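Shown next, in structure tokens, is the structure this report addresses.
The values are calculated or read from the model by the stated rules, or taken from the named source; none is laboratory data. The structure presented is a predicted model; accordingly, all values stated were derived computationally and were not measured. Note that we place each Cβ from the backbone using ideal geometry, even for glycine, and neighbour counts take in every protein chain shown. With ligands, DNA and RNA removed, areas are computed over all heavy atoms of the protein, side chains included. Shrake-Rupley method; radii C 1.70, N 1.55, O 1.52, S 1.80 Å.
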Amino acid sequence: MDLVGHLPRLRRYARALTGDRHRADDLVQDTVERALRKALLFRPGTRLDTWLLAIMHNLFINQLQVAQRQAETALDELSIEPKSATDPQQAVAVLDIETALAQLPVEQRAVLLLVALEEHSYEDTAAILGIPVGTVMSRLARARERLRSALAGEASGEPSLRRVK
Amino acid sequence: MTPPLESELHAFVDGRLDPARAAELSAWLAQDAAAMARVHAYRAQKEALHAAFDDLLDEAPPPRLVAAARRSVLRRLRPLAVAACWLGLGFLAGHGLRTTGDSRDLQALVQRAAVAHAVYAPEVRHPVEVGAEQEAHLVQWLSRRLGTSLKTPRLGALGFDLVGGRLLPGQDGPVAQFMYQDGSGRRLTLYVGHDREHEASAFRYAHEGKLAVFYWLDGRFGYALSGELPRAELLRLAEIAYRDLTAIPPAPASNP
């Protein structure tokens, strides 16, 4: 049981989910603090990583709802932080996947990231998000298709090359 | 073959089909260019996601996050087990042994030993401060801190090997904890605490839930052997530990 050891993966998921480095780290911090407050509810012998991700997901959804209530224009969620890469082709490709990701509905984005980036099983993903496995599969299918057409639409099937001028 | 289900196509991309079905699906995909294009696109998505975000895995987390994750070290370690030990063992020991100074010392000893067991035995990454590969250093260090000549009992005959040990704060100064583990991952801790001079005591036994503790006093030291083991098995281990520990100092000249 080591929360520090979980930080890198929590940060990766949060970064991909929020699309913003600072928001991601705030979300990780909120998650860790909430986890420590709720430590009594963690059952020894169960998986700490999925428990932490479930806490993070709930926090993120709550934050989105609050933000949406507070301001109609709260679309920070879509904010994109361009990566500073020295290779311009790589920069374009990275921006493309991030842009496409940000355009996915949150529930599809979460499923896609947990499966395709974090490599969790469909069952674990369902447990983290508190939804049935069937819903995981349908959201995964929709997310992948949307991403495919978004990336293809941007660059006619060659996302990393065609936009380089 | 039967055409794959939509969900199988995703399981194929995610490497979650069994090998036989995956082979069937590969063959099927070779005949279906549209499905193949989807598989390629989904795989490319995964690669793009890793390319975009994996650098965070190699980056040191900012200090504020590390500090937040380290806060409340005790609370994140099996808090229920710790609380149960304090209450349960205090209750048990308090009832068994009422009023003498020795009994109060024993009660405190068994409580602290059980809590230390509950805190450190489940640790995956850092069960001990100094590992068994540095046993000589470990024994020397803990002996110096406790002001005696410690020894690690040999429990290998009953399947338990030394994992290592650590220094802990006790009521009246430093305390040593040695950890042992058997082939199935069960862990024992031997807690050695400093105390006033005592008459040697018999073995006493306490348990709370699955955790069993044999404890005894000998000279200036109190000992407690804790583990989630059957009583008879723990007793055999405690007897070996007692024998090894009381062989010091001086070591009796064992004639061959």
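The table below gives the values:
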read-out	value
A:Val111 being under 12 Å from the mean Cα position of the chain (by Cα), part of a helix (DSSP H, G or I) and modelled with pLDDT of 95 or more	yes
Qualifying residues in the range B:39-53 (those that are more than 7 Å from chain A (Cβ to nearest Cβ) and not β-branched (Val, Ile, Thr)) - the one least open to solvent (accessible area, probe 1.4 Å)	B:Ala44
Unmet requirement for B:Ala176, which otherwise passes all of (1) surrounded by fewer than 21 Cβ atoms within 10 Å (Cβ to Cβ); (2) at pLDDT 85 or above	(1)
Residue pairs meeting the criteria (Cβ under 8 Å; at least 6 apart or on separate chains; first modelled with pLDDT of 60 or more, in the range A:136-165; second aromatic (Phe, Trp, Tyr))	A:Val136/A:Tyr122; A:Met137/A:Tyr122; A:Leu140/A:Tyr122; A:Arg144/B:Tyr42; A:Arg148/B:Tyr42
Odd one out for A:Arg148 among (1) more than 9 Å from chain B (Cβ to nearest Cβ); (2) in a helix (DSSP H, G or I); (3) over 16 Å from the mean Cα position of the chain (by Cα); (4) not small (Gly, Ala, Ser)	(1)
Scan of the range B:218-252 for residues that are at pLDDT 80 or above, outside any helix (DSSP H, G or I) and either of a type in the set (Ser, Thr, Tyr) or surrounded by 14 or more Cβ atoms within 10 Å (Cβ to Cβ) (or both), ordered by number	B:Phe221, B:Gly222, B:Tyr223, B:Ala224, B:Leu225, B:Ser226, B:Gly227, B:Glu228, B:Leu229
Residue that is modelled with the lowest pLDDT, among those in the range B:112-153 that are in a loop (DSSP other than H, G, I, E, B), within 13 Å of B:Arg166 (Cβ to Cβ) and open to solvent by 50 Å² or more (accessible area, probe 1.4 Å)	B:His126
Unmet criterion (only one of (1) outside any helix (DSSP H, G or I); (2) over 29 Å from A:Arg139 (Cβ atoms)) for B:Pro3	(2)
Single unsatisfied condition, A:Arg9 versus (1) open to solvent by less than 50 Å² (accessible area, probe 1.4 Å); (2) at the interface with chain B (Cβ under 10 Å from one of its Cβ atoms)	(1)
Selection count where residues are surrounded by 13 or more Cβ atoms within 10 Å (Cβ to Cβ) and assigned to a helix (DSSP H, G or I), scope the range B:7-38	18
